[in-house]
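Novice: Here it is, the structure in full.
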Amino acid sequence: MQLEFFPSRTLTLYLARMFVVRILAVLVMLVLVLMMLDLLSTSGDILATEGNGQGELVTYAALRIPQLVARFLPYSVLLATIITLVTLNQNSEVIAMKAAGLSAHQVLAPLLLTAAIVSVVSFGFNERVVTRATATLKAWEAADYGPVPQDSGVRANVYLTDGASVLAAATMTGTGNDIRMADVTWYERSDSGMILKQVRAESATYAAPGWRLEDTVSFDVGTAETRQQPVMVVGKQLTPDKIELDTVDPDAEPFWRLSQSIDAYEAVGRRTAELRAKWWHKLSGPLSAFLMPLLGAVAAFGLARSGQLFLRALIGMALGFAYFVIDNAALAMGSFGGYPPLLAAWAPFFLFLLVGETVLVRTEE
C-alpha cells in the first residue's frame, strides 16, 4: 500500500498535462461561442453610435472576454474533469492505475493539484484584469458606446440619495472636489416618496455645498410646466465623501481596495452585508475550480463496458452544476442580508466538498 498522496512523477505530469490541455480547449470553445452570441445581441447598439466600426467591436470583445473567462473557468474545469476521466476510463487507464495499487484519491491528486493552481491563477487574473475591464466596460456602456473612458476611476450608472431626493448620473469621473458627472438627472421627492420635480442636465460639478447642474431642463410634476435654466444647484447634503461611499462597485474593485471601502462603510455605520459577501466570494469563487475534480470524480470509476459510464458522467456534471446554482443563490441571499456574508460565500464550497468526498469514499474507497 502506498502512503504517498501523489502517484509517480511521470504519472502526475501525464495526468496534469492532459487535464490542462482539456481545460484550455473547453474554455476557448465556451468563450468563443458565448462571445459570438454576445456580439450578435450588442453589435447593433455599438454600431448605432456614429463613428463606431470594426475597431469598436474588437474593443468590446477585448473588454468582455475577461469577464467570460472569469465566469466560465470553473465550468471549464468541471467539463475538462469529466472528459479527462471518461477518456482514462474508456482506455482502461484507471483500471491499470488501481491495479498498480493507487487509491482513488491518488488517481485524482494530479487533477486536484492542477485545479488548485488554476484557482490561484484565476484569483490573480480577476484582480488584475477582470476588475479593470469591468469598470471600463460599464462606463463605456453608460456612454452609449462612445469613446472608451481612459480614466480607470470612471464609474457608471451612479445612483445617489439626498434624503428622499435622488441624484442619478450616467458616468462619474474624478475624486473629491474634482468629481464630475455626466448625463445627470435630479429627482426631487417628498418625504412620502412622490416625485415633485425632475431635472435633467448635461453635467454636474461640486459647488461646495451642493452640485452645480449646467444646461438644465426641469419638469414640475404638480404644474406640468417645463423650464430651462443655465445653472441650478441641488443636493446640498451630498458631499464628495458620501458619494465615494455610495459608488463602490464590488465587481470593479480589486480585493484589497474593496477591503478599504468596507472599512470606510463600517466607520460611518453603513450596511456592508452585500460588499462583505462579494469580498468573501472573491476568494471562494476562484477556489471553486478546486472542487470540480472531486465532484466529477464519479466519472472516473466503474467499468466502462458496464453501461454506467454515461450515467456516471451525468451525475458528475449534475453535482458540479448544482454547486454553481446553490453558490449563486447563497450569494444573493447574503447580499440581501438573509445569510451572514461569511456563510453565504463559503457554505456552498464546504458543503459540496463534503458531498464530493463522501461520494468518492463511499463508492471507491
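Novice: Can you tell me which residue is farthest from the chain's Cα centre (by Cα) among those in segment 74-104 that are farther than 18 Å from Met18 by Cβ and touching a residue at least 24 places away in the same chain (Cβ under 8 Å)?
Specialist: Top of the filtered list is Gly101.
Novice: Condition (residue is touching a residue at least 40 places away in the same chain (Cβ under 8 Å) and in a loop (DSSP other than H, G, I, E, B)) applied to segment 16-29: is it met by at least one residue?
Specialist: No, segment 16-29 contains no residue that is touching a residue at least 40 places away in the same chain (Cβ under 8 Å) and in a loop (DSSP other than H, G, I, E, B).
Novice: Moving on to the next point. Considering only segment 321-345, state which residues are among the aromatic types (Phe, Trp, Tyr) and either surrounded by fewer than 18 Cβ atoms within 10 Å (Cβ to Cβ) or under 27 Å from Ser103 (Cα atoms) (or both).
Specialist: Phe321, Tyr323, Phe324, Phe336
Novice: Among the residues of segment 100-154, how many are outside the structural domain of Leu78 (by TED's automatic domain parsing) and modelled with pLDDT of 90 or more?
Specialist: So the answer is 0.
Novice: Could you count how many residues in segment 191-210 are touching a strand residue (DSSP E or B) at 6+ places or on another chain (Cβ under 6 Å) and not acidic (Asp, Glu)? Before the answer, list the steps.
Specialist: Step one: list which residues in segment 191-210 are touching a strand residue (DSSP E or B) at 6+ places or on another chain (Cβ under 6 Å), which gives 195-205, 207, 210.
After this cut, where a residue has to be not acidic (Asp, Glu) as well, the list is 195-201, 203-205, 207, 210.
Total meeting the criteria: 12.
Novice: A further question follows. Which count do you get for residues in segment 38-54 that are of a type in the set (A, V, I, L, M, F, W, C), free of Cβ contacts under 8 Å to residues at least 60 places away in the same chain and surrounded by 14 or more Cβ atoms within 10 Å (Cβ to Cβ)?
Specialist: Residues that pass the stated criteria total 2.
Novice: Right, another one. Would it be correct to say that Gly296 is modelled with pLDDT under 90, at positive phi and not β-branched (Val, Ile, Thr)? Quick ask: steps written out before the conclusion?
Specialist: Working: modelled with pLDDT under 90: yes; at positive phi: no; not β-branched (Val, Ile, Thr): yes.
In short, no.
Novice: Still on this model: Going through segment 78-89 one residue at a time, which ones are at pLDDT 85 or above and buried (at least 18 other Cβ atoms within 10 Å of the Cβ)?
Specialist: Scanning segment 78-89 gives Leu78, Leu79, Ala80, Thr81, Ile82, Ile83, Thr84, Leu85, Val86, Leu88.
Novice: Right, next: Just one of (1) modelled with pLDDT of 90 or more; (2) farther than 22 Å from Thr131 by Cβ trips up Ser92, so point out which.
Specialist: Of (1) modelled with pLDDT of 90 or more; (2) farther than 22 Å from Thr131 by Cβ, only one is false for Ser92: (1).
To keep it simple, each residue is scored yes or no on (1) exposed (fewer than 13 other Cβ atoms within 10 Å of the Cβ); (2) at pLDDT 80 or above; (3) in contact with a Pro (Cβ under 6 Å, 6 or more places away or on another chain); (4) not assigned by TED's automatic domain parsing to the domain that holds Ala139.
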| site | (1), (2), (3), (4) |
| --- | --- |
| Leu213 | no, yes, no, yes |
| Val217 | no, yes, no, yes |
| Thr226 | yes, yes, no, yes |
| Lys242 | no, no, no, yes |
| Asp251 | no, yes, no, yes |
| Phe255 | no, yes, no, yes |
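The values are calculated or read from the model by the stated rules, or taken from the named source; none is laboratory data. Here the structure is a predicted model, which is why all the values come from computation and not from measurement. All Cβ positions, even for glycine, are placed from backbone atoms using ideal geometry, and neighbour counts span all protein chains on display.
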